[in-house]
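Engineer: Take this structure, written in structure tokens, and hold onto it; I'll ask about it next.
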Amino acid sequence: MKKVILLLTTILTFNSCQKAETSGPSEADKATFARNIKAFENHHVKGFATENLDLLSSYFADSVKWSPPMWNDNKILGKEDLMKAAEWYMTEFDNLTFLAGDGGIDSQSAYWGGSFYSELGEQTSKPNGVRIYGTWTATHTVSGATVNNKWYAVVSFNEDGKVVMFSDWMDVTGMQTQIEEHIAAQE
């Protein structure tokens, strides 16, 4: 009997160790996640920082679906609308800078992918859904006001590394409030 218990314990221990080792993301998924982060930094962040609309546009698929940060009755917009909005920001603001991870209580990371918990009960380690947290800073071109805006986005990449779904959230009225406060302080 002792041998049977010892054998069962050994088998269960071996199986639990084996499952623990294989439950994380694969090396290929880790590389894809890193590629997606670099695409965000090299196209999105750099596109705004250098006011290069073509660079920014190149990282979005032509079929991208965009849910903008302001309320619009939950209408899903496309690439043309997204690029018009980006062009507006580039016209209205200078020194557009993204501070990755800034603005949170525990600002140790800006990029997250996969999920262990969901109300749907599904778990995934897939790298093509990326959540991004940080703060955008800029200088309002006309008034010279410095604005800061906490920002959050959910970005879905396709296999070619292009963004196919993009939802972002920020307090768009907070930017106007900071500009108005700057102008009032100048008077």
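Engineer: Determine the distance separating the Cα centre of region 55-77 from the Cα centre of region 116-165; give it in Å without decimals.
Structural biologist: Their Cα centres are 12 Å away from one another.
Engineer: Could you give the size of the charge dipole of region 28-186 about its Cα centre, using +1 on the Cβ of each K and R and -1 on the Cβ of each D and E, expressed in debye and rounded to the nearest 20?
Structural biologist: 440 debye
Engineer: If you take every DSSP beta bridge whose two residues both sit in region 28-186, what share of them, in percent to the nearest 5, is antiparallel?
Structural biologist: Roughly 90 percent of the beta bridges in region 28-186 run antiparallel, per DSSP.
Engineer: Moving on. What does the helix-only formula give at 222 nm for the chain: each DSSP H stretch with n ≥ 4 adding -39500 (n - 2.57), the total divided by the residues, and the result rounded to the nearest 500 deg cm²/dmol?
Structural biologist: Rounded to the nearest 500, the figure is -12000 deg cm²/dmol.
Engineer: Among 89, 67, 184, which residue has its Cα furthest toward the positive end of the charge dipole of the chain, with +1 on Lys/Arg Cβ and -1 on Asp/Glu Cβ?
Structural biologist: Result: 67.
Engineer: So what J values fall out for region 161-177 if you push phi through Karplus, 6.51 cos²θ - 1.76 cosθ + 1.60 with θ = phi - 60°, rounded to Hz, Gly and Pro as x?
Structural biologist: After applying 6.51 cos²θ - 1.76 cosθ + 1.60, I find x, 9, 7, 10, 9, 9, 10, 9, 10, 6, 8, 5, 6, x, 5, 4, 4 Hz.
Engineer: I would also like to ask the following. Please state the Cα pair-distance histogram of the chain with 10 angstrom bins from zero: what percent is in each bin?
Structural biologist: 8, 29, 30, 15, 8, 5, 3, 1, 0
Engineer: Return the single residue from 121, 24, 78 with maximal mean-square fluctuation; model: Gaussian network over the chain, springs between Cα atoms under 10 Å.
Structural biologist: Of 121, 24, 78, the most mobile in the Gaussian network model is 121.
Engineer: I need 63, 57 ordered by Cβ neighbour count within 10 Å, fewest first.
Structural biologist: Ascending Cβ contact count within 10 Å gives the list 63, 57.
Engineer: Distances longer than 14 Å among the Cα atoms of region 94-179: what percent of all pairs is that?
Structural biologist: Cα-Cα pairs in region 94-179 separated by more than 14 Å: 70 percent.
Engineer: On to the next question. Could you point to the residue in 104, 58, 128 farthest towards the positive end of region 28-186's charge dipole, with +1 and -1 charges on the Cβ of Lys/Arg and Asp/Glu respectively?
Structural biologist: My answer, from the dipole projection, is 128.
Engineer: For 183, 37, 105, what ranking results if the residue with the fewest other Cβ atoms within 10 Å of its Cβ goes first?
Structural biologist: So the ranking, lowest neighbour count to highest, is 105, 183, 37.
Engineer: Take 120, 53 and order them by how many other Cβ atoms sit within 10 Å, fewest up front.
Structural biologist: Ascending number of Cβ neighbours within 10 Å: 120, 53.
Any read-out appearing in this document is the output of simple, stated calculations on the displayed coordinates, not a laboratory observation. Keep in mind that this is a model prediction, so the values were computed, not measured. Cβ atoms come from the backbone with ideal geometry, glycine included; neighbour counts cover every protein chain shown.
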